[in-house]
Amino acid sequence: KMNKNYYAIVMAGGVGSRFWPVSTTEFPKQFHDMLGSGDTLIQKTFQRLSKLIPIENIFILTNERYNDLVFQQLPMVKQEQVLLEPAMRNTAPCILYASLKIQKMNPNALMVVAPSDHWIEDENAFNANLQQCFDYCKKENALLTLGIQPTFPNTGFGYIEFDKTDNNPIKKVNQFSEKPDYETAKSFLKSGNFLWNGGIFIWSVQSITEAFLKFQPQMNQLFMNGYSQLNSSEEKEFINQNYAEAENISIDYAILENAQNVFVLPATFDWNDLGTWGSLYDKLDKDEQNNAVVNSKVILENATNNIIRAHDKKLIVIDGLDNFIIVDEGNVLLIYPKDKEQEIKSIMKKATE
């Protein structure tokens, strides 16, 4: 039997601009089947969470322009489970909004906040870790994060430094570190007590609302002004009128870097943030020449280490390319060096101006 005190917030508001031209403002990557698995990323995330959390307790946080996409892909969800941001803000305001709604429904709630677009293969390990976190947060006043074991000195992630002397499975966090340069990232890996910050958080609704009251009194007051309207027919009007007033700040800056009761569980599952074409390439099956091919027929000569993606089994002929991203989508063809993939974000801005 499902635990009715368990809740989930799925963060599905991002645009995923480094996955242009597949991911666009109208149709971002969480609503695509990026892995060719038959399910979109948000469908996979929802299925994974629903093994532990009652379906009616899973909330989707997204921009109002994606409301229809959510219902096309998650028809089992009711409108009141989809929290629509009328303005693009960072993670702190939407987490506070969702937390107050849940607190009003169930003051004993325990909640997980998870991105909608990450890849996790071992779902049993994920659920065991999540259960361990819920159990901990039920007993302790803790703000808990799942830290990812780093596999290489990645400069694209923030890191979590935990207390080396803490022998408990769930460890005290010393500090969060911003995205490091390469040498710093290498030193993090060497010291052994740094984890990737994958953006998965677990806490009781009581702990997180207390933290907002303490560290973000202004934002807290903004939302508390409409507390009586939450979960009622007047909620939407209140949010539409007030949400944009909230500061554009991440949960990491707003709460976690200030609080003393932050802990981390080093995760036991493989994880990939699917943030770039290169991170997707790592997860796809490859041919003998290390090419990853999605939805395409190919004739390849002297072609190695490429990711090739098209639609409807389009024929793609390549000779003499190594380590490229080749994506044919709609009226855009992208042929781009994989080692410059971080620049795709700025190309997208130019292309869509």
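Give me D for the stretch 269-353 in µm² s⁻¹, whole number, from Stokes-Einstein with Rh from the Kirkwood sum over alpha-carbon pairs, 10 °C and 1.306 mPa s. Display every interim value, and only then the final one.
Values: Rh = 13.5 Å.
Here the translational diffusion coefficient equals 118 µm²/s.
Picking from P75, G16, I58, whose Cα lies most toward the positive end of the charge dipole for the stretch 1-83 (charges on Cβ: Lys, Arg +1; Asp, Glu -1)?
Value computed over the given set: I58.
State the percentage of accessible surface on the stretch 199-353 attributable to carbon and sulfur atoms; use a 1.4 Å probe and exclude ligands, DNA and RNA.
Details: 3690 of 8080 Å².
The computed percentage sits at 46.
Per residue, how much accessible surface does the stretch 1-60 expose to a 1.4 Å probe? Answer in Å², no decimals. Let's see the in-between values first.
Numbers: 2120 Å² over 60 residues.
I get 35 Å² per residue for this part.
In nm, to one decimal, how far is the E343 label point from the N141 one, both placed 7 Å along Cα→Cβ?
5.1 nm
Residues of the stretch 313-335 with the amide nitrogen closer than 12 Å to a label point 7 Å from the Cα of I299, along Cα-to-Cβ, please.
Zone members listed by number: 315-319.
So which residue, out of M224, M76, M88, gets the largest mean-square fluctuation from a GNM of the chain using Cα contacts under 10 Å as springs?
M76
Once every DSSP H run of n ≥ 4 in the chain is given -39500 (n - 2.57) and the sum is divided by its residues, what mean residue ellipticity at 222 nm do you get, rounded to the nearest 500 deg cm²/dmol?
So the helix-based figure for the chain works out to -8500 deg cm²/dmol.
Over the stretch 95-191, give the accessible area per residue in Å² for a 1.4 Å probe, as an integer.
Averaged over the residues of the stretch 95-191, the accessible area is 46 Å².
Rank N306, W271, N225 by how far each Cα sits towards the positive end of the charge dipole of the chain (+1 on Lys, Arg Cβ; -1 on Asp, Glu Cβ) and give me just the farthest.
So the residue furthest toward the plus end is N225.
Using the Cα atoms of the stretch 89-208 to build a convex hull, what is its mean projected area in square nanometres?
Answer in nm², one decimal: 8.3.
Determine the share of the stretch 48-164's accessible area contributed by carbon and sulfur atoms, expressed in whole percent, with a 1.4 angstrom probe.
Exposed carbon and sulfur together represent 47 percent of the surface.
Could you give the length gained by full extension between D181 and K4, i.e. 0.36 nm per residue of separation minus their alpha carbon distance, to one decimal place?
59.4 nm
How much accessible area per residue does the stretch 199-353 have, counting only protein heavy atoms and a probe of 1.4 Å, in square angstrom? Before the final figure, lay out the partial values.
Numbers: 8080 Å² over 155 residues.
I get 52 Å² per residue for this part.
For the cross-link pairs K104/K236; K44/K139; K51/K286; K314/K340; K78/K101; K1/K138, which exceed 20 Å when the distance is taken from alpha carbon to alpha carbon?
K44/K139; K51/K286; K314/K340
How much length, in nm to one decimal, is gained on full extension between N290 and S233, taken as 0.36 nm per residue of separation minus their Cα-Cα distance?
15.1 nm
Using only Cα atoms, locate the centre of the stretch 149-183 and the centre of the stretch 1-59, then give the distance between them in Å, rounded to an integer.
With the stretch 149-183 and the stretch 1-59 each reduced to a Cα centre, they are spaced 26 Å.
Given Cβ point charges of +1 (Lys, Arg) and -1 (Asp, Glu) and nothing else, what value in debye, to the nearest 20, does the dipole of the chain about its Cα centre take?
Dipole of the chain, to the nearest 20 debye: 680 debye.
The values are calculated or read from the model by the stated rules, or taken from the named source; none is laboratory data. Values in this document were obtained by computation on a predicted structure and should not be read as measured data. Virtual Cβ from ideal backbone geometry, glycine too; neighbours counted across all protein chains shown. Surface accessibility is based on the protein's heavy atoms, side chains included, excluding ligands, DNA and RNA. Shrake-Rupley method; radii C 1.70, N 1.55, O 1.52, S 1.80 Å.
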